[in-house]
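Reading through the structure tokens given below for one structure.
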Amino acid sequence: MENSKDLRKWLDDMQLPHPLVIAGPCSAETEEQVLKIAHELKDSDVNYYRAGIWKPRTRPGNFEGVGAIGLKWLQKVKAETGLKTATEVANRAHVDLALEHDIDMLWIGARSTVSPFIVQEIADALEGTDKVVLIKNPVNPDLSLWLGAVERLHSANIKKLGVIHRGFSTYEKTKYRNIPEWQMAIELQTRFPDLPLINDPSHITGKRDMVFDVSQTALDLNFDGLMIETHHDPDNAWSDAAQQVTPSVLKQMFKDLKMRKETD
Ligand code: PEP
Ligand code: MN
């Protein structure tokens, strides 16, 4: 796989202030909820509005997403706020629907990156797309699976590629929901120095009080962006309630985070 500046051209071309910011709820719940949060994030550092429509839950019996209707809500978000939109895709049907609804950014979740069959199916469905496609690290700390997914998507001629570091699961209980193992992200960066690297402090920490510190660490390590779950009423969110921050907390965070010094 080529390893040139071409890998980050799409991000440079967007000429956004550093970092790239993706925020919005873990799950789209109702049309009102999706639009309310989007309006609260409209005039902020947020570039892309995220909301999970199809939710990969580890155990059955939890909320598994509103499904395709949520894509219409994201279209409304774009029309009403101008925010670009992002959602998770986990199979060909999701990709086809997301492309039909002109979603701007698609990401592959941690539970999908572990499966080369699923990654290849998504890569084939996305062949040649001009949408942004981000690949979360696999749930387990296996760099090869992450690299393999990048290679499969790159081979499908997807130009706007990036990766999301969301931490790794462990058997031992730690203060993190998913331990960061920062060296894994750094290793990936060493292999593909120009591939945009986004941090997801929400799924790393699992706790909203820790999101700021992990975000700061990511910025200190020169990550290109942050994906932060944001909800107007986090305690009553239908998924990942403990880790979501409110739009006003998010805005304050971006006032307090120390940004990297420009070196060139
Ligand atoms: C999510 O972004 O809400 C999500 C399900 O994340 P992950 O794939 O990192 O668990
Ligand atoms: Mn989540």
Of those in the range 128-145 that are assigned to a loop (DSSP other than H, G, I, E, B) and more than 13 Å from ligand 1 (Cβ to nearest atom), the residue nearest to G52 (Cα to Cα) is K131
Looking across the range 75-93 at residues that are crowded, with 22+ Cβ neighbours inside 10 Å and more than 16 Å from ligand 2 (Cβ to nearest atom), the single one that is nearest to the chain's Cα centre (by Cα) is T85
Those residues of the range 143-190 which are in contact with a helix residue (DSSP H, G or I) (Cβ under 8 Å, 6 or more places away or on another chain) and loosely packed, with under 15 Cβ neighbours inside 10 Å amount to S155, K175, E187
Within the range 1-36, restricting to residues that are touching a Phe, Trp or Tyr at 6+ places or on another chain (Cβ under 8 Å) and part of a helix (DSSP H, G or I), the one that is farthest from W73 (Cα to Cα) is L7
Scanning the range 183-212 residue by residue, the ones that are free of Cβ contacts under 8 Å to residues at least 40 places away in the same chain, closer than 20 Å to L145 by Cβ and within 16 Å of ligand 1 (Cβ to nearest atom) total 3
Restricting the range 223-264 to residues that are modelled with pLDDT under 95 and not basic (K, R), the one farthest from ligand 1 (Cβ to nearest atom) turns out to be D264
(1) within 30 Å of R260 (Cα to Cα); (2) out of contact with any Leu (no Cβ under 9 Å at 6 or more places or on another chain); (3) more than 16 Å from ligand 1 (Cβ to nearest atom); (4) in contact (Cβ under 8 Å) with a residue 12 or more places away in the chain all hold for T81 apart from (2)
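The values are calculated or read from the model by the stated rules, or taken from the named source; none is laboratory data. Computed from a predicted structure; not experimentally measured. Cβ atoms come from the backbone with ideal geometry, glycine included; neighbour counts cover every protein chain shown.
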